[in-house]
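The next block holds one structure in the form of structure tokens; read it before the comments.
Quick note: the coordinates plus some simple rules give every number you see, no bench work behind them. Being a predicted model, the structure only gives us computed values, none of them experimental. Methodologically, a virtual Cβ is constructed for each residue, glycine included, from the backbone with ideal geometry; neighbour enumeration extends over all protein chains shown.
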Amino acid sequence: MKQLKFALAPQNRWFNHAHTRGAIAASTSRVRGAFAGALMATLLCASIATAAPGRTAERLLVKPKRHLSEEAVQATFAAHGATQRHALHPLNVRVLHVPEGRLAGVLEALRNNPEIEFVEPDEVVAPATVPNDTYYSKEWHLPIISAPAAWDLTTGSSSVIIAILDTGVDGTHPELAAKMLPGWNFYDNNSDTRDVYGHGTAVAGTAAATSNNGSGVASVAWGCKLLPIRITDVDGYATYSTIANGLTYAADHGARVANVSFRASESSTVASAAQYFQSKGGVVTVAAGNESTFISAADNPYVLTVSATDSSDAIASFSNTGNIIDLAAPGVSLYTTTRGGSYGLATGTSFAAPTVAGAAALVISANPALSGAQVQDLLKQSADDLGVPGHDTSYGYGRLNVYKAVRAALGGTSGGDTTAPTVTITSPSAGDTLSGTVTINVNAADSVGVTKIGLYINDKSVATSASAPGVFTWDTTQWADGTYTLLARANDAANNLGASAAVTVNVLNTTAGPDTIAPTVEITSPADGTTVGRYVEVYVEASDDVGVARVELYVDGKLYSSSSSSAPVFNWNTRKLTRGRHTLRAQAYDAAGNKGASGTVAIYK
């Protein structure tokens, strides 16, 4: 019987109170000058005073096509009894006053006019929901997946149940107690679902902790209920059979979402249970795992397998990748609930998965008639495509976007901006050979405005710009000679995402014959002679005159794990080791195949 450990992050267990990675930065633009300030205040008052949020005043926003003369534009408006009040000149968007009671008719007529690029009501909108929880300002992951905008549409229905298949859940936690339903313990075969390890409480809080209550943390699906199902022993290990039993139990007890923060997507038994859960209208989310491993197994169509991203939208160094990946979601330093009524930071695909589970619960709350397969498809289709265009083995269909998914579940775009920016890498050109420090130029344009440009090299996020055009500097001497693919992506204010065509270039800095210099590599932690516990973080640093291609960690002379990073952190589980002395050694390779080795580090268990 195969035992599974939950998707543990390469940090001290699953939480870390000492550091917060990622921050929410806010900026405020100011209108300079007393006259400009007074004018802006007047315009704002005129815009919002006539209608409550969610309704529209008798105004339309219209963008005529550029070739029309001003005379023709005004004649078109007059023909419908509309009057132009003012214009947003840089955008060529006109603000029209429409006679009372005629808004719908004029809107429809202008939408059918081929000389009009777009028309929409001048809707009054409230600010995106911002919860008042103590730690919300540090929960970088919620804004990055557009959760505040989604909460304007739904914060989750109490009739939607999220099953947490884990180590149990602390049902006395003040942010979880009111949401708990009676569950089951498949390890002891009883109704005691108390958390025996701590992992399940953190997972539950990530998905659906009570929010906007002036304390603690905010979660993705505030209003949804939790069904605790314990599937592990006291050390946090589960089996395929307990996971399958948990899924069928959850399906039969009304859960519409089930979260499994274990690496279980490859099991046929789990797939069969997930298929049963999906047939009952449900969605199963599964963690990809944290071994920095590429998983070649085929995709499991009955689950959403989730990789982890950091606050820069890069795939976390520990996250598994592969054909099984469906979505990516934040999974580094997320504030959540901890056993005993407190809060802490959690890292790992264990917490990326319940972030998606919460999103699935919001989608179902918005449209309960959707089938499980339809919810899966909506989450995939609405994701922000951050990897190679289309599905890829790192981000799957993209990084989760809760707002787009909920908006799609409600049957449309809410009349908002749905046009993605156009993005082009203007230099270098495809096929160019580069050396030294080079400049990468990116043009981006949007009907409203570009808010972010990101540069990716071989599917890794390397730099961002807050405005267009983007000008990036690339020191190619820090990269091994070889072929690289450049890609740029741009977001607009509505979080629509556009991508450039891929540009393949060659890097060649080595001109004095073949590379014969081996990398240097060192194990920096743990120190020689250290006595370790069950979970150990092994820190390795490697360097090379051209570039490090791979670092390997050996335990007692046998390969334990490898990484493409030059400074990897290996999460070492010593559970199966005998007591006594053991050895660690690292090896590093460059692109030319040169190998360097560290000294041997002795540790004691």
Exercise for review: Can you check what the net charge comes to around TYR302, using other residues whose Cβ is under 14 Å from the Cβ of TYR302 (Lys, Arg +1; Asp, Glu -1)?
Suggested key: -2
Check your understanding: Listed highest first by mean packing, meaning other Cβ atoms within 10 Å per residue, what order do 68-75, 539-546, 165-172 come in?
Key -> 165-172, 539-546, 68-75
Practice item. Name the residues whose placed amide hydrogens come within less than 5 Å of the amide hydrogen of PHE262, ignoring near sequence neighbours (fewer than 5 apart) on the same chain. Key: ALA7, ALA287
Review point. Hey, how many Å between the Cα centroid of segment 522-541 and the Cα centroid of segment 128-148?
Key: 36 Å
Review point. How much mean residue ellipticity at 222 nm does the chain get from its helices, if each DSSP H run of length 4 or more adds -39500 (n - 2.57) and you divide by all residues, to the nearest 500 deg cm²/dmol?
Key: -5500 deg cm²/dmol
Check your understanding: Amide H to amide H, which residues 5 or more places from ALA549 or on other chains are under 5 Å from it, using H placed in the peptide plane?
Key -> TYR589, ASP590, ALA591
Practice item. Could you rank the peptides 385-393, 207-215 by their average count of other C-beta atoms within 10 Å per residue, with the highest value first? Key: 207-215, 385-393
Check your understanding: Residue by residue through segment 473-483, which ³J(HN,Hα) values in whole Hz follow from phi under the Karplus form 6.51 cos²θ - 1.76 cosθ + 1.60 (θ = phi - 60°), with glycine and proline marked x?
Key -> 10, 10, 8, 6, 5, 8, 10, 5, 4, x, 9
Exercise for review: At a temperature of 25 °C and a viscosity of 0.890 mPa s, determine how fast the chain diffuses translationally according to Stokes-Einstein, using the Kirkwood radius over alpha-carbon pairs as Rh; express D in µm²/s, rounded to the nearest whole number.
Suggested key: 93 µm²/s
Practice item. Collect residues whose amide H, placed 1.01 Å from N in the peptide plane, falls under 5 Å from the amide H of VAL540; neighbours closer than 5 in sequence don't count. Key: THR524, PHE570
Exercise for review: Tabulate in residue order the Karplus-calculated ³J(HN,Hα) for segment 109-117, using 6.51 cos²θ - 1.76 cosθ + 1.60 with θ = phi - 60°, rounded to whole Hz; enter x for Gly and Pro.
Suggested key: 5, 5, 5, 8, 8, x, 8, 10, 6
Point to revise | Neighbour-count order for PHE186, PHE262, PHE118, PHE318, fewest beta carbons within 10 angstrom listed first | key: PHE118, PHE186, PHE318, PHE262
Check your understanding: By per-residue mean of other Cβ atoms within 10 Å, what is the highest-first order of 222-228, 377-383?
Key -> 222-228, 377-383
Point to revise | Residue-wise HN-Hα coupling along segment 547-552, computed from phi with Karplus coefficients 6.51, -1.76, 1.60 (Hz; x: Gly, Pro) | key: x, 7, 9, 7, 10, 10
Exercise for review: Quick one: net charge around ARG85, please, counting Lys, Arg +1 and Asp, Glu -1 for every other residue with C-beta under 11 Å from its C-beta.
Suggested key: 0
**Study point:** Net +/- balance of residues flanking SER371 in space, Cβ distance below 15 Å, scoring K and R +1, D and E -1
**Key:** +2
**Study point:** Gyration tensor verdict on segment 335-434 (Cα atoms; rounded if a/c is under 1.5, prolate if a/b is larger than b/c, oblate otherwise)
**Key:** oblate
